[in-house]
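Scroll down for the structure; my scribbles are underneath it.
FYI, it's all coordinate maths here, none of it is from the lab. No experiment lies behind these values; they were computed from the predicted model shown. Here the Cβ is made from the backbone with ideal geometry for all residues, glycine too, and neighbour counts use every protein chain on show.
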Amino acid sequence: MRFYDIHIHSDASIGENSVEEIVKQAERLGLKGIAITDYFSSLKDIKQLKERISNINTDIDISIGAIVRAETSDQLKKMVRNVRKHVELVLVHGGDYRINREAVEMPEVDVLCHPELDRRDCGMDHITVKSAAENKVAIEINFREILESFKKHRVYVISNMKKNIFLAKKYEAPIIVTSGAASIWGMRAGRELAAFAFLLGLPLADAINTVSVVPEKIIEVNREKLAGKRFPGVREVDE
């Protein structure tokens, strides 16, 4: 099984470890692919990260994801447009309902991260989840939110994650599970992340897909778009 974790922070932003250290840990955990996902302040930072990755000798499939953290709709749209053609993954920092809703209405967005972050509710409803399904924006279940929470707050987080999984299943929106790791010690093997999704209510096959089929497909499609082989409604097929 090909397991992917597409939300890992490096020392390019809030992470503690270098890309090289993250790759070594991914190899130890048996991951097929990872995405280094950071808060980039400029396109120059993305270019520098690409250069670092190009010098790493590994069988791990490494992608770059940009996490967009916006306070307004206009800011979100501008930031997404700025990075979309430069990275394989565009993730939106969720939690604010307005941003959650705007993000899932944008086909340019790949993942809405932790929509329940710092909330007493799940941050989603039937309107937002339907939009996520229509625009193929994956709803993230972020393991770090559990790892770094405790007592009553952890109860809220788990409950809200279960609600989002229920809604996503009902309206057939894609779901991914990630470690959200900010250090190599927060990274998890694919089977561990799948087990986490299973415990939150997903059938086993669907839980496994959240860390294999779903993230791999997102990366594959976006690489084709970046290479000019895929356009809306059209895909170039090799003879």
Using the charge dipole of the chain (Lys, Arg: +1 at Cβ; Asp, Glu: -1 at Cβ; taken about the Cα centre), state which of LEU76, ASN100, ILE175 has its Cα farthest towards the positive end. ASN100
In whole percents, the bins of 10 Å from zero upward hold the Cα-Cα pairs of region 87-127 as 32, 55, 13, 0
Work from the charge dipole of the chain (Cβ charges, +1 for Lys and Arg, -1 for Asp and Glu, about the Cα centre) and give the residue of ASN55, ALA194, ILE8 farthest towards its positive end. ALA194
Quick check on the chain: of the DSSP beta bridges with both residues there, what percent are antiparallel, nearest 5%? 10 percent
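Please compute the volume of the convex hull spanned by the alpha-carbon atoms of region 4-229 and report it per residue in Å³.
113 Å³
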Expressed in angstrom and rounded, the centroid-to-centroid distance over alpha carbons for region 1-74 and region 105-173 is 22 Å
Expected vector for region 207-224, Karplus 3J(HN,Hα) from phi with 6.51, -1.76, 1.60 and θ = phi - 60°, integer Hz, x for Gly and Pro, equals 4, 5, 4, 5, 10, 9, 4, 5, x, 4, 5, 4, 5, 4, 4, 5, 5, 5
Once the Cα gyration tensor of region 49-88 is diagonalised, semi-axes √(5λ) in Å: 28, 9, 7
Once label points are set 7 Å from the Cα along Cα→Cβ at both ARG223 and LEU117, what is their separation, rounded to one decimal in nm? 2.7 nm
Just want to confirm a number: the relative contact order over the chain, from Cα pairs under 8 angstrom separated by 6+ residues, in percent. 20 percent
